[in-house]
Amino acid sequence: LTYLRSNVYFKNKQIRLLIGGTGDVDTLNGIIHDAAFLNQIKYIGFVSGQSKEDAIKDCDVFILPSYFEGLPVSILEAMGHGKPVISTRVGGIPSVVQENKNGWLFNAGDFRQLDKIFDEIIHQKFPLKLYQQNAYNTASEFSSEKVLLNLSGIYKNLLHE
C-alpha cells in the first residue's frame, strides 16, 4: 500500500494497526472490513499537525512500507518520539533504520517478512526499551542544531582551504 504509514500497538500479544496516509484506500478498506480484521485495523486518512503527533506518540512501533524513498522525514519524526521503525530497504532508509538497534528492515513488497518481525516484537525477543532509546538517539543526530553545527564546520573548512 503505497504511501500508507502504520502505527503499531502491541497489547496482550495482539497487533492493532492505525494506518494513515494516501494510497490504494479502496483495497485497504476492503481488507479492513473483513470481519477478521475489524477491530485490529483502522484507517484514519491523511494526518498532519497534532493528529499526526498524537498518532506517533500513542504507538509502540512506526511502519513505513515504501517502495521508493530518499530519507523520509516521517521516520525521523517517529524516531524523535522514541519509536522504533519497521521499514523497507530502499533509498536512505537503511542508513537510519538499523536492524538489531533501532528497528527492522524488510524487502519492499515482501509483507510476509513482517510475520517474523511481528513475532519478534510480540514475544519480546529484543529489548524494546533499548530500541526506543536508540531510535531517539538516532533522530537527535538529525536535529536542526546538529545539522547547523555540521554545516558550519564544513563551511569553515572550505573557507580555510
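Pairs to check: Lys42/Lys101; Lys83/Lys125; Lys125/Lys146. Give those whose C-alpha atoms are more than 21 Å from each other in this structure.
Lys42/Lys101; Lys125/Lys146
Find me the longest stretch of the chain that has none of the exposed trypsin sites (Lys or Arg not before Pro), where exposed means in a DSSP loop (not H, G, I, E or B) with at most 15 other Cβ atoms within 10 Å.
Value returned for the longest uninterrupted segment is 14-88.
Over all alpha-carbon pairs of region 67-161, lay out the pair-distance distribution in 5 Å bins, whole %, shortest bin first.
Taking every Cα pair in region 67-161, the percentages come to 3, 13, 20, 20, 17, 11, 6, 5, 3, 2, 1.
Within a Cβ distance under 13 Å of Asp110, other residues only, what is the Lys/Arg minus Asp/Glu net charge?
+2
Above 25 Å lies some portion of the pair distances; for the chain, what is it as a whole percent of all C-alpha pairs?
On the way: 4170 of 12880 pairs.
Summing the P(r) of the chain above 25 Å gives 32 percent of all pairs.
Assigning unit charges at the beta carbon (Lys, Arg +1; Asp, Glu -1) and nothing else, what dipole magnitude in debye, to the nearest 20, does the chain show about its Cα centre?
Working: 16 positive and 17 negative charges, 80 e Å.
Here the chain has a charge dipole of around 380 debye.
List the chymotrypsin sites (Phe, Trp or Tyr not before Pro) within region 71-161 that DSSP assigns to loop and that have no more than 10 neighbouring Cβ atoms inside 10 Å.
Here no loop site has a sparse enough neighbourhood.
Between Ile44 and Asn157, what FRET efficiency follows from the Cβ-Cβ distance if R0 is 45 Å, with the result rounded to 0.05?
0.45
Rule-based calculations on the coordinates, nothing more; no lab input. This structure is a prediction, so every number in the text was calculated from the model and none was measured. Neighbour counts run over all protein chains shown; Cβ positions are idealised from the backbone, glycine included.
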